[in-house]
There are 2 protein chains.
Amino acid sequence: MKSPLDLFVSPRTIAIVGASRTPGRAGYVLVKNISQHYREGRVFPVNPAAQEILGLPCYAHLQNLPEPPDIVVISLPPRETPPVIEEAGKAGARGIIVVGSGYAEEGEEGRRLELEMVRQARLSGLRILGPNTTGLLNTEKDLLLTFLDFDEVRKGSVSFIVQSGTFGGGLLEQIRSSYFFGIAKSFGMGNKCDLADEDALDFLEEDGQTRVVAIHMEGTKNGRAFFEKARKVTPKKPVVLLKSGRTPLGARAMLSHTASLAGNDDLFTAACRQAGIMRVESIEEFFDALKIFATQPLLGGRRVAIVTFSGAAGVMGADVLYEEDLALASLTPETIHSVQEAGPAWHRIGNPVDIWPTEMEIGNERAYELATRAALKDPGVDALIIVHSAMGESKTPFKGFTLFPKFKDEFPSKPLLSVLHGNCQFMERARVFLESNGIPAYPSIDRAVRALSHLYRYTLHRETHERGKGS
Amino acid sequence: MKSPLDLFVSPRTIAIVGASRTPGRAGYVLVKNISQHYREGRVFPVNPAAQEILGLPCYAHLQNLPEPPDIVVISLPPRETPPVIEEAGKAGARGIIVVGSGYAEEGEEGRRLELEMVRQARLSGLRILGPNTTGLLNTEKDLLLTFLDFDEVRKGSVSFIVQSGTFGGGLLEQIRSSYFFGIAKSFGMGNKCDLADEDALDFLEEDGQTRVVAIHMEGTKNGRAFFEKARKVTPKKPVVLLKSGRTPLGARAMLSHTASLAGNDDLFTAACRQAGIMRVESIEEFFDALKIFATQPLLGGRRVAIVTFSGAAGVMGADVLYEEDLALASLTPETIHSVQEAGPAWHRIGNPVDIWPTEMEIGNERAYELATRAALKDPGVDALIIVHSAMGESKTPFKGFTLFPKFKDEFPSKPLLSVLHGNCQFMERARVFLESNGIPAYPSIDRAVRALSHLYRYTLHRETHERGKGS
């Protein structure tokens, strides 16, 4: 096997040390998640005080298992963990996941424990994921090797490498419940005492299910290895990275969270740029960028059209296009004419295409249908942002948004983004409809334009790399 | 009367020229909105082609009205508007609202029409609001003098001065449907051919219902008058301003939207700062700031505590506190001890207060109750941000958020903000609960800290002014 993580994402046998009969406990949810969903391997609960857990026979010690465990998950108080690693080695295990907290992030004793764990693992050739991790997901095989209690995880093309446990859990639950996009793999890295971001990146580089890589990190222990690996991945797949601890105050908080050390943040930013990583500054920018990478084609050029119900949103969009070094497309006279003639004589069409007056004449759906198709057909338009705005739904039927998936199919090479304003029940219903159909929806045009700008910069990075290979 | 707008917000008689029997039309919604809600005045629909509208007798012309109209609302094609202003003057009107579009924003002819309207108005001493406006709201008197079809407008303390119609409508509908806060007055300014932002500001300065002023503008025709007025208002009430058209591209788009001219944006920003106006950059920052000003006390100092279920959110919060020149509070040994002893021995408490391990021991509600009260009681804490995170609600009961309104009552002098992560149905339910109870909720700690920073900078502005008066 090429990557040490190959085994972690499709083990034939998994032992859970610290398995529990108490619903809600990590050792319970782990057994439940795996036994209920995973079909390609068996799970062995280990707990000397239990006979069975969730109908599965429970074993007192690792040496009692009916066959060697590929992976041993340890969910025990920190001090009890190192001896179990030694036992796991003797039982023939090949990988360890340590899900509990209370290690290096809590101080000197924890740091000592981690060193001891790594020493034990090295003796038997074991690799460790964690500690202080929530585990991992492989949706392709319905493997939920985590103590996070998910209702379901939708399959998709975005893979995560996340450092923090509860944060990563909240992130994945928000993505799932919001229908943003589907997940391929997710690795909870925790304190990274052994396996690190570059190992996960190395695995994802070749993973056929993964089209986009998303990373949340507080720190990396081997920046050189990480950026070298990233440089190889970004010409194939976009890598979007959210890093915390960028200020002295954040760095201090980070030390007691994941025991990460902050380097110079400006150097980190520069290294990201050089490696073709898209660094984002906030959770929202993270989701915004991932949504567009997960669903849209690359962006062929800078020329953006905006079709909008709100002229003010058009002006705001123009501001952010300018700041992000993108441009407003010049529409052809044919495009302008075709929209112009459907609206009132006094209303002049330009880009942004303000269709409020047109909508007053021919209704919401027809106005959006007309303007959207005209803009997407225009050879001078590289991407389209559509702003939809609605009062209460009991009022005028604001149904234009239901047409957009059709346009995505009709013009597959042009990125298509939507912005939703107004009534919040409408916004949420329209958002779920659009995102379930692969059209990212944003709550403001600012955020749509910034996401488009990530797509454009990534496209340039890819093109630069292609040219480099060609010459 | 002091302000020309006094009459606009409580007219005894209102004529609607261009009243319509067709549901959905501006001239229909206007009659409906006023006749169904407003109790302190009468509405006279004017339309030569109708006998009655919504059960009200309809008049052919303004000269036929049974008594002089205080306010005449004109909803007609642009070219038909100027003669009606002349008629309105003869009929004894004192104010005009022109709700249609197709004026200066559409080019030369529209500009000419506006000049003619103003000329006609001056002849009879009339003042004009608009054109290209959606109208105005005065919730104190249930006056919905607008063609926007609201289900209801909640009364509150935030007043709006908005330039753009459909945008302003979407904004107000989002605030209403999202339960962000209640509205006092709202003035749709439109192209500002006569009445301008400074007139609205002058009115709001003395308005007892208004505690916070929110402005969206694309341009101002008399910057000096506007900033002079603002300088008088900001020591009494916070003024939050969102201005578009800050770049050359945005400025060009703006010209065909509200016919506004952009000045130098850096000078505008400097003038805002000098006048004590909080300028924001996006719709979301606008809402984020207004939510805190509408519900929270002033911020007595820079020392912020963070109680969080997610250590990663704590680190992110520390980063933004640093960037915004705020600080992490140093908790007293008593505060630390009281939280420490409820959690596992290996977990050390600091600020950010990471309560995930504590929660594992004593449950979600008790952990939040304990840590929140301890932090708010701490004399070294000026404000508190609470981060709540939840998986599906069918899982562990994440009810800690239900306790926060109690703390708001117990510690009324310390700003209390919440951040919600995780399951999106949970987030929305918790958000509505919290915001209905006067605790602003944010989808990321970045946005909570930035809102707090607006509050802090405004508090400093107020203090500087108070000191200036004292000396």
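What percent antiparallel are the DSSP beta bridges of chain B, to the nearest 5?
About 15 percent, rounded to the nearest 5.
Describe numerically, in nm with one decimal, the distance between label points set 7 Å from Cα along Cα→Cβ at A:LYS406 and at A:GLU80.
The modelled label-to-label distance comes out at 6.2 nm.
Dimensions of the protein assembly as shown along principal axes (Cα, Å, largest first)?
Computed over the Cα atoms, the extents are 101, 67, 49 Å.
How do B:439-451, A:221-233, B:147-159, B:302-314 rank on mean C-beta neighbours within 10 Å, highest first?
Details: B:439-451: 24.6, A:221-233: 16.6, B:147-159: 19.2, B:302-314: 27.5.
Packing proxy ranking, top to bottom: B:302-314, B:439-451, B:147-159, A:221-233.
Pick out, from A:PHE287, A:TYR322, A:ILE306, the residue whose Cα sits farthest towards the positive end of the charge dipole of the range A:264-329, with +1 on the Cβ of Lys and Arg and -1 on the Cβ of Asp and Glu.
It is A:ILE306, whose Cα lies furthest towards the positive end.
Return the lysines within reach of B:LYS243: Cα separation strictly under 26 angstrom, same-chain partners fewer than 8 residues apart disregarded; answer none if there are no such residues.
B:LYS155, B:LYS185, B:LYS192, B:LYS221, B:LYS229, B:LYS232, B:LYS291
Run the label-point distances for A:GLU116 please: 7 Å along Cα to Cβ, every other copy, nanometres, shortest first.
Ordered by distance, the counterparts are at 9.1 nm.
I need A:GLU466, A:GLU106, A:GLU323 ordered by Cβ neighbour count within 10 Å, fewest first.
By the 10 Å Cβ count, ascending: A:GLU466, A:GLU323, A:GLU106.
Compute, for the range B:268-318, the length of the dipole vector about the Cα centre, with Cβ point charges of +1 (Lys, Arg) and -1 (Asp, Glu) only. Units Debye, rounded to 20.
260 debye
Search the structure for amide H atoms under 5 Å from the amide H of A:GLN209, placed 1.01 Å from N in the peptide plane, and list their residues when 5 or more places away or on another chain.
none
For the range B:295-355 and the range A:73-141, what is the separation of their C-alpha centers, rounded to whole Å?
Cα centroid to Cα centroid, the span is 29 Å.
Determine which chain B residue has its Cβ at minimum distance from the rotation axis mapping B onto A, giving the value in whole Å.
B:GLU428, 4
Got the A:LYS377 label distances to the other copies yet, label 7 Å along Cα→Cβ, in nm, shortest first?
7.1
Please give the residues of the range A:61-101, grouped as numeric ranges, whose backbone N is less than 16 Å from a label point set 7 Å along the Cα-to-Cβ vector of A:ARG119.
From the range A:61-101, the list is A:79-87.
To test your reading of the geometry: what angle, between 0 and 90 degrees and rounded to tens, separates the Cα axis of helix A:197-206 from the longest principal axis of chain A?
60 degrees
Counting other beta carbons within 10 Å of each residue's own, what order do A:ARG39, A:ARG246 fall into, fewest first?
A:ARG39, A:ARG246
Between copies, how close do the A:ARG39 label points come, placed 7 Å along Cα→Cβ, listed in nm from shortest?
Spelled out, the distances from A:ARG39's label point are 6.6 nm.
What does the average come to when, for each residue of peptide A:349-361, you count the partner chain Cβ atoms lying within 10 Å of its Cβ?
2
Can you figure out the FRET efficiency of B:ILE362 with A:SER10, using R₀ = 45 Å and their beta-carbon distance, to the nearest 0.05?
In this case the efficiency is close to 0.75.
With n ≥ 4 as the cut-off for DSSP H runs, can you work out [θ] at 222 nm for chain A, using -39500 (n - 2.57) per run divided by the number of residues, rounded to the nearest 500? Write out the running numbers ahead of the final one.
On the way: 17 runs with 202 residues, N = 471.
After summing the helix terms and dividing by residue count, I get -13500 deg cm²/dmol.
Under 21 Å Cα-Cα from B:LYS399, which lysines qualify once same-chain neighbours fewer than 8 residues away are excluded?
B:LYS408
I'd like the mean, over residues of B:321-328, of how many other protein chain beta carbons sit within 10 Å of each residue's own Cβ.
The mean count of partner-chain Cβ atoms within 10 Å per residue comes to 3.
Taking the Cα centre of the protein assembly as shown as origin, sum charge times position over the Cβ atoms of Lys and Arg (+1) and Asp and Glu (-1), and report the length of that vector in debye to the nearest 20.
260 debye
When Cβ neighbours within 10 Å are restricted to other protein chains, what is their mean count per residue of peptide A:240-246? All intermediate terms of the calculation are to be shown ahead of the outcome.
On the way: counts 0, 0, 2, 3, 10, 5, 7.
Going residue by residue through A:240-246 and averaging, the value is 4.
Between B:GLU228 and A:THR464, how many nm apart are label points set 7 Å from Cα along the C-beta direction?
Placing both labels 7 Å along Cα→Cβ, they lie 5.2 nm apart.
With a 10 Å Cβ neighbour count serving as the proxy for reagent exposure, in which order, fewest first, do A:MET217, B:MET360 appear?
Details: A:MET217 23, B:MET360 18.
The order, fewest Cβ neighbours first, is B:MET360, A:MET217.
As I understand it, the value is the acute angle between the Cα axis of helix B:424-436 and the longest principal axis of the Cα atoms of chain B; what does it come to in degrees, rounded to 10?
Tilt relative to chain B: about 70 degrees.
Largest first and in whole Å, what are the equivalent-ellipsoid semi-axes of chain B based on the Cα gyration tensor, each being the root of 5 times an eigenvalue?
48, 24, 18
Order B:454-465, A:5-16 from most to least packed using the mean count of other Cβ atoms within 10 Å.
Descending mean neighbour count gives A:5-16, B:454-465.
About the Cα centre, and with charges only on the beta carbon of Lys, Arg (+1) and Asp, Glu (-1), how big is the dipole of the range B:1-132? Nearest 20 debye, please.
Dipole magnitude for the range B:1-132 comes out near 320 debye.
Bear in mind that the values in this text are calculations on the coordinates, not laboratory data. This structure is a prediction, so every number in the text was calculated from the model and none was measured. Neighbour counts are summed over all protein chains in view; Cβ atoms, including those assigned to glycine, are modelled from backbone coordinates with ideal geometry.
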